[in-house]
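Novice: Pasting in a structure now, in structure tokens, and then I'll have a few things to ask.
The values are calculated or read from the model by the stated rules, or taken from the named source; none is laboratory data. Values in this document were obtained by computation on a predicted structure and should not be read as measured data. Virtual Cβ from ideal backbone geometry, glycine too; neighbours counted across all protein chains shown. For the accessible areas, the whole protein counts, side chains as well, though only heavy atoms, and no ligand, DNA or RNA atoms are used. Shrake-Rupley method; radii C 1.70, N 1.55, O 1.52, S 1.80 Å.
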Amino acid sequence: MSQSIPAPSFHPSSGLPIGSSASPGSEPSATAASRPSGPLYLRLWRGVPRELGYLAPTWIIALVVFNVLTVAISAGAGLVFLFVGIIIVSLTLILARYLGTFELMRLRASGMPPIAEPRWTPPFEGKTFIRAITEPLASAHYWLSYVHGAIVNFFLAIITGVVTFTWIVTGLSLLFTPLWSLIKPNDGTTSTFYGPDGQIGNDWNIASLMSYGIWDRQDPTLVGLLITGLTLLGAGMIALIPFVTHGMTYAHWGAARLLLARFPSEDMSTEVAALAASQRAAVVAEDHSLRRLERDIHDGPQQRLMRLQMDLASAERRMADNPTEAVALMGSARTLAQETLDELRALTQGFAPPLLQDRGLAAAIEALALRSSVPVDSRVDLAGRQLPSEIERAAYFIVAELLSNAVKHADATAITLRVHVLEEGEGLPATLALEIEDDGRGGAQLVSGHGLVGLTERAAGMRGTLDIVSPVGGPTRVTAAIPLPALGLAAAPTGVGRA
Amino acid sequence: MNRSTRPLRILLAEDSVLLREGLVRVLTEAGFQTVAAVGDATRLEELILEHDPDVAVLDVRMPPTFRDEGVQAAIRLRQLHPDLGILLLSQYVEATYARELLRAGRGGIGYLLKDRVSSLDELRDAIERVADGGTALDPVVVSELMSRRSDPLDALTRRESEVLALMAQGKSNAAIASALVIGTGAVEKNVTGIFLKLGLEDSGSEHRRVLAVLAFLER
């Protein structure tokens, strides 16, 4: 054990392990199994300044908040039968709300995880006087903020303040009292340390009180043992400071989480709203593309097939009396058939690219990049994931459109394309990220009816986002993120080829 | 080789009954013998052992997954039967598949749009070339391959790039000459110019030339 203690320095006569636990960073490794391992312990220590920065002013703040809120609510309650009392209560609640927000900010600054606030609306803006007054009174969130500020946090602050303060002060004094007796200028007596001559009374209060009986027996070994034990206790308390500050901050965080946070149902209604918007975007996008498809089929293949039918009918009629003309008509009919095929192929390519269907997104995007007339530096890494086909399709068309924009509108000479999967983390789902940058002339804008708006809709339909940064003069950088449904790594795509 | 004495034997795999029947008729008209016509790629190996065809004509999308069964089967067969000519017919052509097919082996390989079948001459020409160990690439694939390598190809004259395109499709010098309405001597001259400008080694035989050009294009 002593090997892990750097430069232990023992007092010659008492055997006090002065340097042993004074520096908490060098906690003996023997305790590693029973306590959090080194790195976590160090991390906890790194959090101590921020947590102390939170805890130290907390009891003053909590006291002030308690007084203000209590006085204000009492004043309001006393006058409640006059209308003005109601106003005062309402204003108190609004004050409690902002004090709650302030508390959440302080908690965030202490290094605790963020707590989502309720979806507050501005208290007065755009509201009638009556509404502004009654709304806080009818809102559970306002009342909970009040309960937090005026009751719960105040009592909690008393407890956490006392515990933190006592812990640190006791720990420090237990640890440093014997050190002090070492450093203290000698007042002339020959004995430098404790003993029956009375120095103990000056330098070691706790010990002198506790060991009064022992002292009476004048047993220096027992006194030494007691002092050693208390010093070790001090060192232990200092070593545990991170747990105390973290625990105390955590207690405040828990109270805030309980009283100042958004209700889960609010998140759900937000979710529902986002879903509805996304669904509408998807429906709009689908409607657009179906209309376009209908028009394309109507204007192209359908016309040609009708003409083909007419030509074939007249060829049939002329077969007997004018075979030469009939053959010529059939030749043109074949051309029409060929053109129809070409058009249909272009159309299917437009909504269901064969390579995408056959081989999936990575292969289809690589092929797009290869086909581009401007060199594309493309890197596609889907981390072995099999993406849902609707996401593949959306991603494919976003990439295709952006590549063709870069070539057609931006006069780019080099394009960088990155497609990869960001694994889930920090409460975010796994995401398919697309990044396309070109060195063209920039100035791309989201103008209604422009292709980029369609892309934004496409991304929104997948609950994703699309961002364009395109200063005039370039470069243009477009990033899109499409959240992936939560599921583990799907079986690696087995290539479509099977024996 | 007794090919001059008997018609080329064709194995056909095409899942659409409509097209399968049409293809059998066209193949017969073109003077070939269809030894077997099936609707998927699962039993090709057996059928090849059983019928010993000269050329396998395969659709790309077939059961069970309707994706790229034909391409996978072609790649497999090229390794198993280097002497078998393989012609893939498809509703669409992908340069990606062309690249994979060319890389998979050295025997005769063709990859054409199904539309080309409407021209009897074109189909007969392609099948004969493939049976002979040559290549038959659809013009769409070739132009896609060529558009990618625009830098070095810019150095070519217009005539030279026309010749290059036809050569990449797998056409013989004679066929190129008649397609462009020029003499075979002029074709030879252009081919020499192309190989010089692209820094390729002229290996003499027409098949090997085509492979060199394709290797250059898909690089």
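Novice: Tell me, yes or no, whether the stretch A:393-405 has at least one residue that is over 15 Å from A:L455 (Cβ atoms) and modelled with pLDDT under 90.
Specialist: Within the stretch A:393-405 (the criterion being over 15 Å from A:L455 (Cβ atoms) and modelled with pLDDT under 90), the answer is no, since none of the residues qualifies.
Novice: Could you give every pair whose Cβ atoms fall below 7 Å, whose first residue belongs to the stretch A:366-387 and is under 16 Å from A:N405 (Cβ atoms), and whose second residue is among the polar types (S, T, N, Q), counting only separations of at least 6 or pairs across chains?
Specialist: Within 7 Å, the pairs are A:A369/A:S378; A:S373/B:S147; A:S373/B:S150; A:V374/A:T413.
Novice: Report whether or not B:L113 is within 14 Å of chain A (Cβ to nearest Cβ) and at negative phi.
Specialist: Answer is yes for this residue.
Novice: Determine, yes or no, whether A:G350 is within 13 Å of chain B (Cβ to nearest Cβ) and on the phi > 0 side of the Ramachandran plot.
Specialist: no
Novice: For residues in the stretch A:353-365 being without any contact (Cβ under 8 Å) to a residue 60 or more places away in the chain and facing chain B (nearest Cβ under 7 Å), which is most open to solvent (accessible area, probe 1.4 Å)?
Specialist: Restricting to residues being without any contact (Cβ under 8 Å) to a residue 60 or more places away in the chain and facing chain B (nearest Cβ under 7 Å), the top hit is A:Q357.
Novice: State the number of residues belonging to the stretch B:85-110 that are within 14 Å of chain A (Cβ to nearest Cβ), open to solvent by less than 10 Å² (accessible area, probe 1.4 Å) and not polar (S, T, N, Q).
Specialist: So the answer is 7.
Novice: Looking at the stretch A:259-278, which of its residues are open to solvent by 30 Å² or more (accessible area, probe 1.4 Å) and in contact (Cβ under 8 Å) with a residue 12 or more places away in the chain?
Specialist: The answer is A:R262, A:F263, A:E266, A:D267, A:T270, A:A274, A:L275, A:A277.
Novice: Another question about this same structure. Among the residues of the stretch A:415-430, is there at least one that is open to solvent by 40 Å² or more (accessible area, probe 1.4 Å), among the hydroxyl-bearing types (S, T, Y), touching a residue at least 12 places away in the same chain (Cβ under 8 Å) and out of contact with any Cys (no Cβ under 8 Å at 6 or more places or on another chain)?
Specialist: yes
Novice: Among residues belonging to the stretch B:163-173 that are out of contact with any Leu (no Cβ under 8 Å at 6 or more places or on another chain) and over 14 Å from B:S205 (Cβ atoms), point out the one that is most open to solvent (accessible area, probe 1.4 Å).
Specialist: Across the stretch B:163-173, the extreme among qualifying residues is B:K171.
Novice: Filter the stretch A:366-382 down to residues that are within 8 Å of chain B (Cβ to nearest Cβ) and either under 20 Å from A:L432 (Cα atoms) or buried (at least 20 other Cβ atoms within 10 Å of the Cβ) (or both) and give me whichever is farthest from the chain's Cα centre (by Cα).
Specialist: Ranking the qualifying residues of the stretch A:366-382, first place goes to A:A367.
Novice: Go over the candidates B:G134, B:G183 one by one and state the one that is open to solvent by less than 30 Å² (accessible area, probe 1.4 Å), more than 14 Å from chain A (Cβ to nearest Cβ) and not hydrophobic (A, V, I, L, M, F, W, C).
Specialist: One residue alone meets the criteria, B:G134.
Novice: From A:E125, A:E135, A:E51, which residue is charged (D, E, K, R) and open to solvent by less than 30 Å² (accessible area, probe 1.4 Å)?
Specialist: Going through A:E125, A:E135, A:E51 in turn, the sole match is A:E51.
Novice: Go over the candidates B:P64, B:P82, B:P7 one by one and state the one that is within 14 Å of chain A (Cβ to nearest Cβ), modelled with pLDDT under 95 and open to solvent by 30 Å² or more (accessible area, probe 1.4 Å).
Specialist: Unique residue meeting the criteria: B:P64.
Novice: Please go through the stretch A:316-338 and pick out each residue that is open to solvent by less than 70 Å² (accessible area, probe 1.4 Å) and facing another protein chain (nearest Cβ under 10 Å).
Specialist: Once the filter is applied, which keeps residues that are open to solvent by less than 70 Å² (accessible area, probe 1.4 Å) and facing another protein chain (nearest Cβ under 10 Å), the stretch A:316-338 yields A:A337, A:Q338.
One line per residue, one yes/no per condition, for (1) away from chain A (no Cβ under 14 Å); (2) under 13 Å from B:V213 (Cβ atoms):
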| residue | (1), (2) |
| --- | --- |
| B:S147 | no, no |
| B:P152 | no, yes |
| B:R158 | yes, no |
| B:S161 | yes, yes |
| B:L164 | yes, yes |
| B:A168 | yes, yes |
| B:K171 | yes, yes |
| B:A174 | yes, no |
| B:A179 | yes, no |
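Novice: Report whether or not B:E160 is open to solvent by 30 Å² or more (accessible area, probe 1.4 Å), part of a helix (DSSP H, G or I), among the acidic types (D, E) and on the phi < 0 side of the Ramachandran plot.
Specialist: Spelling it out, it is not the case that B:E160 is open to solvent by 30 Å² or more (accessible area, probe 1.4 Å), part of a helix (DSSP H, G or I), among the acidic types (D, E) and on the phi < 0 side of the Ramachandran plot.
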